[in-house]
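Here's the structure, in structure tokens; my notes come after.
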Amino acid sequence: MEIVLAIMIGFLYAAGIYMILRRSLVKLILGIIILGNGANLLIFLLGRISKGRPPIIAGDLKVFAEAYADPIPQALILTAIVISFGLQSFAIILIKRVYKVVKTDDLDEMNAIDQDS
Amino acid sequence: MLIAVLLGFVFSLLLVVAGKFFRGKPAILSAIIPLSLFVYFSGFINEVSGGGVIRQSFKWVPSFGVNLGFTLDGLSLLFSLMITGIGFLVFVYTSTYLKGHEYLDRFYGYLSMFMASMLGLVLSDNMISLFVFWELTSISSFFLIGFNNKSEASRKSAITALAVTGLGGMSLLAGALILGSVGGTYTISELLNSNQVIADSPYYIPIVIFMFGAAFTKSAQFPFHFWLPGSMLAPTPVSTYLHSATMVKAGIYLLMRFTPILGNTEFWNSTLLIVGAITMVYAAIHALFRKDLKGILAYSTISALGILVFLIGQGTEKALLAAALFIVVHALYKATLFLVTGIIDLQTQTRDVTVLRGLRKVMLPVAIAGFLAAISSAGIPPTVGFLGKELTYESTLALISMPVLWIALILITKILLLYAGFVAGISPFVGKLPEQFANTKKPGMLLWLPPMILAVTGIGFGIFPALVEPIVFPVVTAMGESLGNEHLKLWHGFNTVLWLSIATIAIGTVLYFILKPSQKLVESAERFEFLSPKALTTVGWAYFNKVSSLWTRIFQNGYLRNYVSTIVVFLIGLAGYSLYQTAKFDLDLSTLNEITLYEMAVVAMMFSSIFFVVFTKSRLTAVASMGVMGLSICLLFVFYSAPDLAMTQFSIDTLTVILFVLVLYRLPRYLKLSDYRTRIKDGIISLAFGSIITVLILEVLASPVDKTISKYYAENAYVLAKGKNVVNVILVDFRGSDTFMEISVLAIAAIGVYALLKLHLKETDQH
Amino acid sequence: MRTIILKTASSYLLPVLLIFSVFILLRGHYLPGGGFVGGLIASMAYVLHAFANGLSDTKNLLRFHPGFLMPIGLALAFVSGMAPLFLDLPFMTGLWYPGEIPVLGSIGSALFFDIGVYLVVVGVTLTIIFTIVDTI
């Protein structure tokens, strides 16, 4: 399964980069989100995955009785997911604002505007 | 002592608000600060000369071993007295020199900031705080050199000085960090005990090289000396204070401070001897070819700094005593000469020695001060300069290897310095007063008194050497040498040293009468200017600029996708190459999870959503596919024991889709902007990047994983933090500070969104 | 989207979802959940309400701008981190009330920290979404 996931993450990265390389602003945002998803899965996978062993100490025990999934990548990803929401919303609003001001979502045209002024 | 150091900073802050008040008459009141500090430090002379060392320490960043520790021993005391004493005179002098200047308050602010940082530098007992104060002196020196900020040359010299001394500062930091890790502490006084460990360490040579880098740039040693003549564009009080008496001696201070720790090795001594000797001779010869008074003084200062480095390089207690005494001697006569030059400049509007003549008739007190300084610089008895010169010869004669060469070099230097001193201190005042200066106004008492005090002190120390002994002897004690029952005296009897002195004075005086500074000499020197380190640096600088602007034009072209593709292609090349070299592809398949049907279904959903996001022409489809992608990831989290992640991903996914739907409808349709070929090219780049990532993941999966930290968290989650959900415990307890930062960032993003939408940009509304 | 069914359902769902979010928040230390997820669920409850009844209704319900939750939450989290300093312990040391509380289990500074996170997340999400809905 890890191999399948590795290939899938590779595709996520490829799709993310491809979208970032487009000239449309909206695609740029989508690309960043895809890349973020890919990165989350990458961290998750590299922490080694296992089924049915959440990192939660069971019942009355004080320490783990059996093997558990690595909690550190999970903690990292959890914050990453929430932060990326902040980033995405900010980026989306930035795009909206930029579109309102310069009336284009073509990144190249924006450069031209920048040089004129 | 902390208050003493901070006083100057507080005062310069005060000037920010009360600047107007100090710009006028009350400017002279600011001299109270250095005066009171001088009195404060004088109070320690008795205690320190009796062998006492005063230490104070304040916690700053204790976890990194960085404390605000202060030590007042003989070495620090000598420098503190110089900084505050000369500082006081310079403060007084400035009040007249820059009277009515629109930025006088600013000048005082910089000056007192400098004074405070310099005090901090010489009192610091911690290498990190030493570094901080070191950089502060560079910065305040930058402001002071560039004080005439309307002149381009002045701004340029300020930048050059900052670049050179700033480079030295970095070097100091590097040296200090290595030294700290080798010696196990950043406290200088504690390092004294481990000098043997340091000398034996393989890092000894790098440490010394970095320390030299700092000292040589600050103290203008060859080939870093060129910033000092340039800095002479600063107002004369600055040249007096920073660039002859105190700041440039910071490098010397550093060398002396670290002599007991790093010194007494072949490398240390011979490097210092050679660099010092080159500097002193080179700069002394240069002084011959100048006709600008300040230029002459600048080069003779560099030469004097060279002598100091040379003396420290000798390393014997006699040489160190000579160095300590020469610091005092030089500060006294060179500051006097600078102040005298400043008065001449102010009254006659010129500093050209070829035209200045007979000024004694219009400014007799200034002439007396100049004369006294000149004979002290020449080492003519009964000045303190004579004592310094005798000691220098004496210790050089005692050198074991090649004493004749060293004696010859120091003799030449001393002769040329005598010449320079005479030209600067005597020649403007003798002879017939030219017509053009006949109406020169007499300088006020506040102008001529400071140089006079300095010059008379120089004579006083010469006649009564016992006065200077309690200041210079403890310096040598502080450096770990004992002097025994030594005393300074003018008369040593007829010996080699005396003959050398007589030769110096005789040849120098003859030289002064034969060789007059002239335009021709200046021009003959300028012919070789292109070979000087300064010219070479300037040329190098120009090339550097050219290359960097070319570089910028190629890579910083303003197109996001070019940046991204450059980075990605570079990464593919780099990672691909190293993977090709090292990858073994020996993933143990038995350790992997097996593939189940429902997992395959989720993966298929992922692939199709990726496909739709990339290739669809409709924005709604793209957003819907993004939603599907997020949900599939959420399912993967569920499968692989990450319930917290699944819940978070699910909620965020929902919110993102809502956000997109809300905003996206107001955005234009996708345009087909790129042509077919670009898309193929980008496709290849991104697929290559994706494959590299895949290979990388497989490689990492094949290598063993270190779970020490996870284990620590898992084992202590309940024991230490009373929680059973380890992920949550990490977030709110173990790494709580990180989470706090994260929610702060979130809040900032929300405020950003709010501001972007609610606050209208004024300009755009007007369009 | 203002259908009667959704409107009716949402006004019942809002309190249920809010209670659920607090439940998720409080159990976070022992079982899956916590401030982040709880906060997100609470904000989804409000967003749903806003979709069904219109933003002004939701705003009336809230009575104050959700942005105020951010500083309150940050302050709470910060204070719970600072509290150990008064007992001469390093920043962010966990402090625990010795006894057990019936519903919540043991109470400590980490719980207040988590509540702070919850408030910030609600504040951030609602500020972003309300601002966007407002200006479009």
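None of the figures in this text is laboratory data; all of them are computed from the coordinates on show. This structure is a prediction, so every number in the text was calculated from the model and none was measured. Note that we place each Cβ from the backbone using ideal geometry, even for glycine, and neighbour counts take in every protein chain shown.
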Checklist line | Inter-label distance for B:Val745 and B:Trp499, nm, one decimal - labels placed 7 Å from Cα along Cα-to-Cβ | finding: 7.8 nm
Notebook entry, point to check: For the residue pair C:Phe23 and C:Asn60, what label-to-label distance in nm results when each label sits 7 Å from Cα along the Cα-to-beta-carbon direction?
Noted result: 3.0 nm
Check: So how compact is segment B:560-708: Cα radius of gyration and Dmax in angstrom?
Finding: 18.8, 52
Next item on the list: Evaluate peptide A:55-66: per residue, the Cβ atoms of other protein chains within 10 Å of its Cβ; return the mean as an integer.
Entry: 5
Notebook entry, point to check: Roughly what angle does helix B:469-478 make with the longest principal axis of chain B, taking Cα atoms, 0 to 90 degrees, to the nearest 10?
Noted result: 40 degrees
Note to self: What distance in nm lies between label points placed 7 Å from Cα along the C-beta direction at B:Thr538 and A:Ile43?
What the structure shows: 5.3 nm
Check: To one decimal place, what orientation-averaged projected area in nm² is obtained for the convex hull of the Cα set of the protein assembly as shown?
Finding: 51.8 nm²
Margin query: Ignoring solvent entirely, what values of log10 I(q)/I(0) come out of the Debye formula for segment B:709-767 at 0.26 Å⁻¹ when each Cα is a single scatterer?
Written below: -0.95
Next item on the list: Only Cα pairs under 8 Å and at least 6 apart count here; give the relative contact order of chain B as a rounded whole percent.
Entry: 10 percent
Note to self: If I take all pairs of Cα atoms in chain A, what percentage of them are more than 20 Å from each other?
What the structure shows: 58 percent
Notebook entry, point to check: Relative to the longest principal axis of chain B, what angle (0 to 90°, nearest 10) does the C-alpha long axis of helix B:2-23 take?
Noted result: 90 degrees
Check: How big is segment B:536-585 by Rg and Dmax over its Cα atoms, in Å?
Finding: 16.9, 53
Item checked: Cα-based Kirkwood hydrodynamic radius, segment B:564-630, one decimal, Å -> 15.4 Å
Item checked: Alpha-carbon Debye profile of segment B:22-144, log10 I(q)/I(0) at 0.16 Å⁻¹ -> -0.82
Next item on the list: Please state the charge dipole magnitude for the protein assembly as shown, taken about the Cα centre, from unit charges on C-beta atoms (+1 on K and R, -1 on D and E), reported in debye and rounded to the nearest 20.
Entry: 3080 debye
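Please list the equivalent ellipsoid semi-axes of chain B, computed as the square roots of five times the alpha-carbon gyration tensor eigenvalues, in descending order and whole angstrom.
65, 32, 27
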Next item on the list: Would you list which lysines come within 21 Å of A:Lys27, measuring only between C-alpha atoms, while excluding same-chain residues fewer than 8 positions from it?
Entry: A:Lys96, A:Lys100, A:Lys103, B:Lys617, B:Lys672, B:Lys681
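By per-residue mean of other Cβ atoms within 10 Å, what is the highest-first order of B:655-664, B:371-380, B:284-293?
Descending packing order for the listed peptides: B:371-380, B:284-293, B:655-664.
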Next item on the list: Positive end of the charge dipole of segment B:709-767 (Lys, Arg +1 and Asp, Glu -1 on Cβ, about the Cα centre): tell me which of B:Tyr718, B:Ile743, B:Val729 has its Cα farthest that way.
Entry: B:Tyr718
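If packing is taken as the mean number of other Cβ atoms within 10 Å per residue, what is the order of B:8-17, B:171-180, highest first?
B:171-180, B:8-17
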Notebook entry, point to check: Extension gain B:Lys432-B:Ile514, at 0.36 nm per residue separation less the Cα-Cα distance, in nm?
Noted result: 27.7 nm
Checklist line | Model label zone, B:Thr678; criterion: amide N under 12 Å from point 7 Å along Cα-to-beta-carbon; scope segment B:551-574 | finding: B:559-562
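With only alpha-carbon atoms in the gyration tensor, what are the semi-axes of the equivalent ellipsoid for segment B:264-517, in Å, largest first? Before the final figure, lay out each step's value.
Working: eigenvalues 209, 75, 46 Å².
Output for segment B:264-517: semi-axes of 32, 19, 15 Å.
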Check: When Cβ neighbours within 10 Å are restricted to other protein chains, what is their mean count per residue of peptide B:693-705?
Finding: 5
Next item on the list: Any chance you could give the angle, 0 to 90 degrees and rounded to 10, that helix B:127-145 forms with the longest Cα principal axis of chain B?
Entry: 70 degrees
Note to self: Going by average Cβ density within 10 Å per residue, which order do the peptides B:253-264, B:585-596 take, highest to lowest?
What the structure shows: B:253-264, B:585-596
Checklist line | Nearby lysines by direct alpha-carbon distance to A:Lys62 (threshold 24 angstrom, same-chain neighbours under 8 apart not counted) | finding: A:Lys51, B:Lys707, B:Lys711, B:Lys722, B:Lys724
Margin query: Averaged over its residues, how many other protein chain Cβ atoms are within 10 Å of peptide A:92-99's Cβ atoms?
Written below: 6
